[in-house]
Amino acid sequence: GNKSDVSSAKFNPEYNSTSTLMQTRVVFSGDLFDLGKLYNGGGYISMATGAEVIREDYETENDASLSNGTALSQTSENYSIDREIVSGFVEFSASPISEVEINLATRFDHYSDMGDTFNPKLGLSYRPWDFVMFRTTVGTGFRAPGISDVAPRETTSDSSCFDSQCTGTYSETSYNMSDLGPEKSLSYNFGAIFQPFKGFSFIVDQWNYE
């Protein structure tokens with residue numbers, strides 16, 4: 001703006017971004033078999049299975065004065081990115097005896113940008129008496145980075161330096177090369193639930209993540 005008129009230098013940038021998430025999920029569940037028909041004390045074997053499709057889209061459409069550098073002496077290109085996740089999962093639950101319940105689950109996910117991942121989980125609970133239950137689980141996990149974090153783009157800005165080698169400003173360009181990978185984990189826990197009387201319970205759990 002005009003150096004003699006501060007108000008002419010005012011600028012109200014408009015940052016615009018659009019994020020869309022579409023999810024479709026189908027699940028079937030029910031009892032498969034009653035072990036009590038084979039022997040006394042047997043429980044049910046149950047199963048749940050399903051599939052899921054997730055579509056993510058992210059797009060920025062900032063003011064041209066922001067993206068071409070006329071407003072803030074830096075360029076930050078607009079970008080768009082999308083991701084599709086196709087998943088399938090199944091879980092079994094069985095009570096071979098009334099005091100024990102076993103859970104076995106597994107999940108497969110295909111990421112359009114992060115590849116495939118397969119994650120199982122095993123759980124076991126034991127109730128020797130009505131007022132106490134011991135439980136433990138072990139399984140693996142997978143977490144992909146956010147799609148805006150892996151979008152390939154570049155940003156150029158002017159930086160200042162004042163030393164014996166440089167005085168004034170210089171141009172600095174940073175690049176997001178989209179090499180950020182997923183996080184993978186192994187988790188296991190064990191604990192107990194105590195319920196000496198109705199309306200009161202005490203829970204102790206130890207959780208471990210690697």
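Descriptive notes on the structure:
- Applying 1/(1 + (r/R0)^6) with r as the Cβ-Cβ distance of residue 192 and residue 104 and R0 = 25 angstrom yields a FRET efficiency of 0.70.
- In this structure, residue 90 and residue 17 have a Cβ-Cβ separation that, at R0 = 41 Å, corresponds to a calculated FRET efficiency of about 0.65.
- Accessible surface ranking that places the most exposed of 210, 14, 56 first, with a 1.4 angstrom probe: 210, 14, 56
- With helices as the sole contributors, the chain gives -500 deg cm²/dmol at 222 nm; each DSSP H run of n ≥ 4 counts as -39500 (n - 2.57), and the sum is divided by every residue.
- Computed magnitude of the charge dipole of the chain (debye, nearest 20; Cβ of K, R +1, Cβ of D, E -1): 940
- Applying 0.36 nm per residue to the separation of residue 118 and residue 153 and subtracting their alpha-carbon distance, the gain on full extension is 9.6 nm.
- Label corresponding to mean projected area of the Cα convex hull in nm² when calculated from the structure given, among (1) 18.1; (2) 16.5; (3) 20.9: (3)
- Between residue 53 and residue 75, residue separation times 0.36 nm minus the direct Cα-Cα distance comes to 4.3 nm.
- In the context of the full protein assembly, residue 59 retains an accessible surface of approximately 80 Å², using a probe radius of 1.4 Å and ignoring ligands and nucleic acids.
- For the range 90-210, the gyration tensor built on C-alpha atoms gives a prolate shape. Its axis ratio a/c (a ≥ b ≥ c) is at least 1.5, and a/b is the larger of a/b and b/c.
The values are calculated or read from the model by the stated rules, or taken from the named source; none is laboratory data. All values derive from a computational prediction rather than experimental measurement. We place every Cβ from the backbone using ideal geometry, glycine too, and count neighbours over all the protein chains shown. Heavy atoms of the whole protein, side chains included, go into the accessibility calculation; ligands, DNA and RNA do not. Shrake-Rupley method; radii C 1.70, N 1.55, O 1.52, S 1.80 Å.
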